[in-house]
Amino acid sequence: MMKLTDRFGRTVDYLRISITDRCDFRCVYCMAEDMTFLPRNQILSLEEIYILAKTFVELGVKKIRITGGEPLVRKGALELFQKIGALNGLHELVLTTNGSQLVTAAPILKVANVKRLNISLDTLDAAKFKELTRTGDLQTVLNGIQAAKKEGFERIKLNAVILKNRNHAEVGDLVQFAIENELDISFIEEMPLGIVEKHNRAEAYYSSDEIRADLETRFVLQRSKDKTGGPSDYFNIPNTRTRVGFISPHSHNFCSTCNRVRLTVEGRLLLCLGNEHSVDLKKILRSPNFTSENLKQAIIDSMEIKPEKHEFNVKEQPIILRYMNMTGG
Ligand code: SAM
Ligand code: SF4
């Protein structure tokens, strides 16, 4: 079995694929209000995404996460999941979604062999939900969560981006909701990706340490040894099924064990979220001289430019001019 290994001895066995830059929400930390989306010919076709997924699995990738934009708004997404879910050698196909389409999509995702779902939920207050997502409806997402539970998805995880003075006071209620619904929950520090107007990132920054301290006034958090292959620190809450995770991209603590790369919807392979190091795989796919061997070699060679660690700085202007919806969170 082939393996992708970088200069620092890290094996890459986890690929995140953004299958669309489009979304039915406009979350304040993710998108500008009037986003311009990429023209169709610049984004990978579903067939191209499938070829890339298959190639990565042949190169030893065991886990694929589909993200976006909102993956479930792309036409044909469910068929793509079915095809990727059937790839020999892939252990886990997982999905990150805003939950808006889950009432209809959950049964199909189950059949497509999707193993786990991450569902974004930043607040349980309908008015605040509207403010944060600009176009989203809380009840639709809550119904989506119930639909996913009914399908029997195990270890559904909520993802909450916490912003100071927007939703930081709700971290306890979100955990309580997770406990009552037997879900996991991860709190994410905002990452400075793209310039989003009317939104001062330095002001909005609320650290994982602050969130944890707030939670410890209400719950007992026991550090867990579980690792899911992501940049999370996990805690168990005794006598519940809920695990609480903290994703702290501002600290460098997870770079040394980084096992993942990302594929943007434009077909760029990003070797690190926080760096601009990338390889244009779409160009290779669309070249008249395309062969699957060339593609494989380009992916193997790309390991040479995977940087040792990322660079983020909230206090200064964002140095990374991609929006999250293009990168795939
Ligand atoms: N639309 C789907 C969703 O919202 O779950 C998938 C894509 S979204 C870009 C993936 C995750 O990234 C979401 O949990 C979202 O909250 C998070 N996210 C978006 N922009 C972010 C930012 N600037 N900093 C940290 N997390 C962000
Ligand atoms: Fe859409 Fe997800 Fe970005 Fe919100 S975070 S705008 S749901 S892609």
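Just so it is clear, none of the values below were taken in a lab; they were calculated from the coordinates. Since we're looking at a predicted model, the values are computed, not measured. With ideal geometry, Cβ positions are generated from the backbone for all residues, glycine too; neighbour counts draw on all protein chains shown.
Couple of notes before you dig in:
- Folded to 0 to 90 degrees: helix 138-150 orientation relative to the chain principal axis, Cα: 70
- Relative contact order, percent, the range 77-120 [alpha-carbon distance under 8 Å, six or more residues apart]: 54
- Estimated translational diffusion coefficient (Stokes-Einstein, Kirkwood radius over Cα pairs, 10 °C, 1.306 mPa s) of the range 140-182: 137 µm² per second.
- Legend note: in the chain, cysteines whose Cβ sits 4.7 Å or more from every other cysteine Cβ are 23, 255, 258, 272.
- Solution diffusion estimate, µm²/s, Stokes-Einstein, the range 111-151, Kirkwood Rh from C-alpha pairs, 10 °C, viscosity 1.306 mPa s: 140
- Burial order of peptide ranges 103-110, 264-271, 35-42 (average beta-carbon count within 10 Å, highest first): 264-271, 103-110, 35-42
- MRE, 222 nm, helices only [DSSP H, n ≥ 4, -39500 (n - 2.57), over the chain, to nearest 500]: -8000 deg cm²/dmol
- Remark: the residue 239-residue 207 segment gains 8.9 nm on full extension, using 0.36 nm per residue and subtracting the alpha carbon distance.
- For the Cα trace of the range 62-167, dividing Rg by the Kirkwood Rh returns an Rg/Rh value of 0.99.
- Largest-first principal axis extents, alpha carbons of the chain, Å: 59, 44, 42
- Per-residue HN-Hα couplings for the range 114-129 [Karplus 6.51, -1.76, 1.60; θ = phi - 60°; Hz; x = Gly/Pro]: 5, 7, 9, 10, 10, 10, 7, 8, 9, 7, 10, 9, 4, 5, 5, 4
- Relative contact order of the chain, pairs being alpha-carbon contacts under 8 Å that are 6 or more residues apart, as %: 22
- Fewest-first ranking of 240, 55, 97, using other Cβ atoms within 10 Å as the exposure measure: 240, 55, 97
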